[in-house]
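I have placed the structure first, in the form of structure tokens, so that the comments after it can refer back to it.
Since every read-out is calculated from the coordinates, none of them should be taken as a lab result. Everything numeric in this text was worked out from a predicted model, so none of it was measured. So basically every Cβ, Gly included, is an ideal-geometry build from the backbone, and we count neighbours across all protein chains shown.
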Amino acid sequence: MRTKRTAVLAAVAALALGLTACGGDDAGEDTGNGGSDKSFAAGSTMERLNEAQAIKIGTKFDQPGFGLKGLSGEPEGFDVEIAKIIAKELGIPEDKIEWVETPSKVREDKIADGSVDMIVATYTIKDERKERVSFAGPYYEAGQNIMVKKDDTSITGPESFQDGSKKICSVTGSTPIEEIKKYLKDIPSQLVPFDTYDKCRDALQSGQVDAVTTDNVILLGYIADDEDAFKLAGENFTKEPYGIGVKKDDAEFRDFINDILEEAFTDGSWQTAWDDTAGTFGAELGTPPTIVRY
């Protein structure tokens, strides 16, 4: 009886060794670096990043729903998920992404000096910015709006600032801060600039300013965090196409990202990224924007 049992155990052990040996070949094919099955043009940004198995991505750390540094210590949001989709297609695992905080006023600098490989940070595509960086996308179109205290009925839109009596906050170097200037009677006394929207929100809460202006989806994130404190005042008054910033004239990398975005629009990953992040605030994603190739 013992002899028979010993023989069975020996057979099982031999089978296990055989399976391990076969599995060893498979393991050799998948090295765990995420890039073993990727191939890119020699000398391209894609090849460089894939071979390095690392990427530096600029994003915001203070914008709920798009790029907010949470309890995990990593940024979370729609921009972050879009960036992860691109990194995956480069063959780079998520744990090899280095997230670099990029407030609005330093975005072009971060790309130009090589501090980041790309930026996904509510980055509105504008012609003047194209003088220093290139853009893939857009991957989303937002609209500028105004956030006020919940009980404020005196502000109904940007026109409410034309008499010069109210103060409004926005972020230095952003598109919204330039846009709101068109509606201000006295810019030096009415416009309060900060380097982050968190500081603008705090200034509104403390009564230092009467309103905060930026893109609607960013404001909706703050409202979702404290619905009893804030609300939107009026409708969107601009269109803000969000693009992905890369090194100026890196056409190959830009085209690569554009191809990924167009695929994400149709394979469900774009919608899923939204539903899991900014979509939880009640904002609609809408239809995919048209990619601008240039």
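What fraction of the DSSP beta bridges in segment 136-294 is antiparallel, stated in percent and rounded to the nearest 5?
Beta bridges within segment 136-294, antiparallel portion: roughly 65 percent.
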Spacing of the two label points (7 Å from each Cα toward its C-beta) at Asp275 and Asp249, in nm
4.4
Using Cα pairs closer than 8 Å and at least 6 residues apart in sequence, work out the relative contact order for the chain, in percent.
23
In debye, nearest 20, what is the charge dipole magnitude of segment 144-232 about its Cα centre with +1 on Lys and Arg Cβ and -1 on Asp and Glu Cβ, if you could check?
260
Looking at Ala112, Gly286, Pro176, which one has the Cα that reaches farthest to the positive end of the dipole of the chain (charges on Cβ: Lys, Arg +1; Asp, Glu -1)?
Ala112
Using helices alone, I'd like the mean residue ellipticity at 222 nm for the chain: each DSSP H run of four-plus residues gives -39500 (n - 2.57), total over residue count, nearest 500.
-11000 deg cm²/dmol
Debye-sum result for segment 144-232 in log10 I(q)/I(0), which assumes one identical scatterer on each alpha carbon, at q = 0.13 Å⁻¹
-0.34
Which number gives the lysine pairs in segment 144-232 that have C-alpha atoms under 19 Å apart and are eight or more places apart or on different chains?
19
Segment 30-147 - charge dipole about Cα centre, Lys and Arg +1 at Cβ, Asp and Glu -1, debye rounded to 20
260
Can you tell me the FRET efficiency between Lys149 and Asp225 if r is taken as the Cβ-Cβ distance and R0 is 22 Å, rounded to the nearest 0.05?
0.95
With unit charges on the beta carbon (Lys/Arg positive, Asp/Glu negative), name the residue among Phe253, Thr272, Gly67 whose Cα is farthest towards the positive pole of the charge dipole of the chain.
Gly67
So how strong a dipole does the chain carry about its Cα centre when Lys and Arg Cβ are +1 and Asp and Glu Cβ are -1, to the nearest 20 debye?
460
Please arrange Thr287, Thr122 by counting, for each residue, the other beta carbons lying within 10 Å of its beta carbon, fewest first.
Thr287, Thr122
For the chain, give me the percentage of DSSP beta bridges that are antiparallel, rounded to the nearest 5 percent.
60
Quick one: 3J(HN,Hα) in Hz for segment 230-239, Karplus 6.51/-1.76/1.60 with θ = phi - 60°, rounded, Gly and Pro as x.
10, 7, 7, 10, x, 9, 4, 10, 8, 10
Overall Cα dimensions of segment 85-228, principal axis frame, Å, largest first:
52, 35, 23
